[in-house]
């Protein structure tokens, strides 16, 4: 059975997806276990010596100047969790909460948190045995960490809150008992260690990023099918056109679409049937490519964050110190996930324009709304409406959350990132964009049929056949939402990408 070793230093998106979506088991590395134990020893020494360390022997936020007696330090940690669990709105997905737990474990594996090994092992048991706390999406400011949602994550560990287990929701204590995971009593520093970090925004955003990389590939496939549908001018994809402006994403997009269209008899050359294509075809390498370059930047930053220490205070075993800083501040991720939302929004934006060109007879040589019997049949008329609605929603959601800040904790925490809002927005934008691109795939296949399909390209033929194997050509009106759902499932389960990649080789997004 596959098992991922957690070291705090090497976790990647593929492994996150495996754990969150496919229930792959995790295990701490030997070195991580040793680091965690050494870090906890320092906390015990600090408490015993009576030294003033934020969050260990003091209150939190505005109460950081309040010294806590030895008799109350454990109660302090439990109260912290109970009072901070004030999230709002619908719950995060099960896979997202699993991601939160995984990333928090990976943070602890670095050995700078002062948490007991048994607490980390409790979290590992929750992942491996499938106990998933119910965690509301909303309520985090994204600085001082994702305090409210992370507190909800902790509740079942101490016998409170709610959790999902084997498909049903139970009280936290019931779920833990059913999975045979002992309830823990938090000790010094542990409540703060569990909730002071960026793992909610990063878990949500990392899964969106993983899906965005996949969707970028699908967007290129949809673009290539639209080239087939429109008889697009392939000259605009020539390599030399893009090497003179060498943005890597742009170069990659043009190369990929050329590969997908290899041997196509539907595409044209400049002047054969028309002089220029509209921007949504001709400039697509520049638009898709810019989103790819953005995603590559975001991927670099997310890889850093998922293997970083975001606690406060940070416990340094070598000098036996607990130093208060600001590694919990979510600004690096806030900017990234705002950028991710914008990048995905633009993919849907240009995709909707290609849909419009296919359904609008004044912009193509195709039958109106891609139906041969217009009037009694509406064909794909309202598909474009729905795509336009999703694109418009994306534009509203693309306003950056990271430019906002509201002071909290009586002014002690006077600048916050709103990074979790950015991650949640990016999720919705990704889902909307995936739906729009599924619509483009369907429209392009219908347009190809109506044109009297000549020989398709190597990659576009595979894409067309994959779609047509589950979605028949539209002759008479039928409930199209079912077809869109089916097409979207081809994206989600990677069937479309896998089939196309087997025909042309790997698609480099």
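Conditions (1) assigned by TED's automatic domain parsing to the domain that holds residue 36; (2) under 30 Å from residue 188 (Cβ atoms); (3) crowded, with 17+ Cβ neighbours inside 10 Å, marked per residue:
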position	(1), (2), (3)
293	no, no, no
297	no, no, no
300	no, no, no
304	no, yes, no
316	no, yes, no
321	no, yes, no
335	no, no, yes
338	no, no, yes
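Quick grid of which residues meet (1) within 30 Å of residue 201 (Cβ to Cβ); (2) outside any helix (DSSP H, G or I); (3) over 19 Å from the mean Cα position of the chain (by Cα):
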position	(1), (2), (3)
315	yes, yes, yes
354	no, no, yes
358	no, no, yes
383	no, no, yes
387	yes, no, yes
391	yes, no, no
395	yes, no, no
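How many residues are touching a helix residue (DSSP H, G or I) at 6+ places or on another chain (Cβ under 9 Å) and in a helix (DSSP H, G or I) when one looks only at the stretch 111-120? Even if it seems obvious, please write down each step before you answer.
Start the filter on the stretch 111-120 by keeping residues that are touching a helix residue (DSSP H, G or I) at 6+ places or on another chain (Cβ under 9 Å), which leaves 111-117, 119-120.
This time we only want the ones that are in a helix (DSSP H, G or I), so: 117, 119-120.
Qualifying residue count for the region: 3.
Restricting to the stretch 126-144, and then to whatever is in a loop (DSSP other than H, G, I, E, B) and in contact with a helix residue (DSSP H, G or I) (Cβ under 6 Å, 6 or more places away or on another chain), can you tell me which residue is nearest to residue 403 (Cα to Cα)?
Only one residue tops the list, namely 142.
Looking at the stretch 323-333 only, could you name the residues that are surrounded by fewer than 24 Cβ atoms within 10 Å (Cβ to Cβ) and assigned to a helix (DSSP H, G or I)?
331, 332
Would you confirm whether or not the stretch 226-240 contains a residue that is over 26 Å from residue 497 (Cα atoms) and free of Cβ contacts under 8 Å to residues at least 12 places away in the same chain? Even if it seems obvious, please write down each step before you answer.
Taking the stretch 226-240 and keeping what is over 26 Å from residue 497 (Cα atoms), we get 240.
From the residues that got through so far, the ones that are free of Cβ contacts under 8 Å to residues at least 12 places away in the same chain too are 240.
Checking the stretch 226-240: at least one residue is over 26 Å from residue 497 (Cα atoms) and free of Cβ contacts under 8 Å to residues at least 12 places away in the same chain.
Going by what's in this entry, would residue 173 be described as buried (at least 24 other Cβ atoms within 10 Å of the Cβ) and touching a helix residue (DSSP H, G or I) at 6+ places or on another chain (Cβ under 8 Å)?
No.
Looking only at the stretch 422-442, decide whether some residue is modelled with pLDDT under 95, in a helix (DSSP H, G or I), farther than 20 Å from residue 341 by Cβ and outside the structural domain of residue 138 (by TED's automatic domain parsing).
no
Please name all residue pairs, on different chains or six or more residues apart, with Cβ atoms under 7 Å, provided the first residue is in the stretch 262-287 and is touching a residue at least 24 places away in the same chain (Cβ under 8 Å) and the second residue is surrounded by fewer than 15 Cβ atoms within 10 Å (Cβ to Cβ).
Within 7 Å, the pairs are 263/455; 264/455; 265/454; 265/455; 266/454; 282/276.
Can you say whether residue 366 is assigned to a helix (DSSP H, G or I) and touching a helix residue (DSSP H, G or I) at 6+ places or on another chain (Cβ under 9 Å), as far as the supplied structure shows?
Criteria not met by residue 366.
Inspect all residues belonging to the stretch 257-267 and state whether any of them is part of a loop (DSSP other than H, G, I, E, B), out of contact with any helix residue (DSSP H, G or I) (no Cβ under 8 Å at 6 or more places or on another chain), more than 30 Å from residue 188 (Cβ to Cβ) and not assigned by TED's automatic domain parsing to the domain that holds residue 105.
yes
Of 471, 507, 406, which residue is more than 22 Å from the chain's Cα centre (by Cα), in contact (Cβ under 8 Å) with a residue 60 or more places away in the chain and part of a loop (DSSP other than H, G, I, E, B)?
Exactly one residue qualifies, and that residue is 406.
Which is out of contact with any strand residue (DSSP E or B) (no Cβ under 7 Å at 6 or more places or on another chain), surrounded by fewer than 23 Cβ atoms within 10 Å (Cβ to Cβ) and either at pLDDT 95 or above or assigned by TED's automatic domain parsing to the domain that holds residue 154 (or both), of 233, 181, 213, 221?
213 is the lone residue from the list that is out of contact with any strand residue (DSSP E or B) (no Cβ under 7 Å at 6 or more places or on another chain), surrounded by fewer than 23 Cβ atoms within 10 Å (Cβ to Cβ) and either at pLDDT 95 or above or assigned by TED's automatic domain parsing to the domain that holds residue 154 (or both).
Only one residue in 390, 340, 397, 335 is under 20 Å from residue 226 (Cβ atoms) and touching a helix residue (DSSP H, G or I) at 6+ places or on another chain (Cβ under 7 Å). Which one?
390
Checking residue 449 against (1) surrounded by fewer than 24 Cβ atoms within 10 Å (Cβ to Cβ); (2) farther than 21 Å from residue 354 by Cβ, which single condition isn't satisfied?
Answer for residue 449: the failing condition is (2).
Considering only the stretch 95-115, state which residues are farther than 25 Å from residue 211 by Cα and crowded, with 23+ Cβ neighbours inside 10 Å.
Step one: filter the stretch 95-115 for residues farther than 25 Å from residue 211 by Cα, giving 108-115.
Answer for the stretch 95-115, where residues must be farther than 25 Å from residue 211 by Cα and crowded, with 23+ Cβ neighbours inside 10 Å: 108, 109, 111, 112, 113, 114, 115.
Please tell me if residue 469 is more than 26 Å from residue 209 (Cα to Cα) and modelled with pLDDT under 95. Before the answer, list the steps.
Details: more than 26 Å from residue 209 (Cα to Cα): yes; modelled with pLDDT under 95: no.
In short, no.
Inspect the stretch 275-291 for any residue being modelled with pLDDT under 95 and either farther than 30 Å from residue 392 by Cα or part of a strand (DSSP E or B) (or both) and give the result as yes or no.
Checked the stretch 275-291: at least one residue is modelled with pLDDT under 95 and either farther than 30 Å from residue 392 by Cα or part of a strand (DSSP E or B) (or both).
Report every pair of residues separated by at least 6 positions or lying on different chains whose Cβ atoms are under 8 Å apart, first residue within the stretch 354-375 and closer than 23 Å to residue 219 by Cα and not assigned by TED's automatic domain parsing to the domain that holds residue 474, second at pLDDT 95 or above and not in a helix (DSSP H, G or I).
Correct list of pairs: empty, since none qualify.
Is it fair to say residue 345 is out of contact with any strand residue (DSSP E or B) (no Cβ under 7 Å at 6 or more places or on another chain) and at pLDDT 95 or above?
yes
The values are calculated or read from the model by the stated rules, or taken from the named source; none is laboratory data. Because the structure is predicted, anything quoted here is derived from the model rather than measured. When we count neighbours, we look across all protein chains shown, and the Cβ atoms used for this are built from the backbone with ideal geometry, even at glycine.
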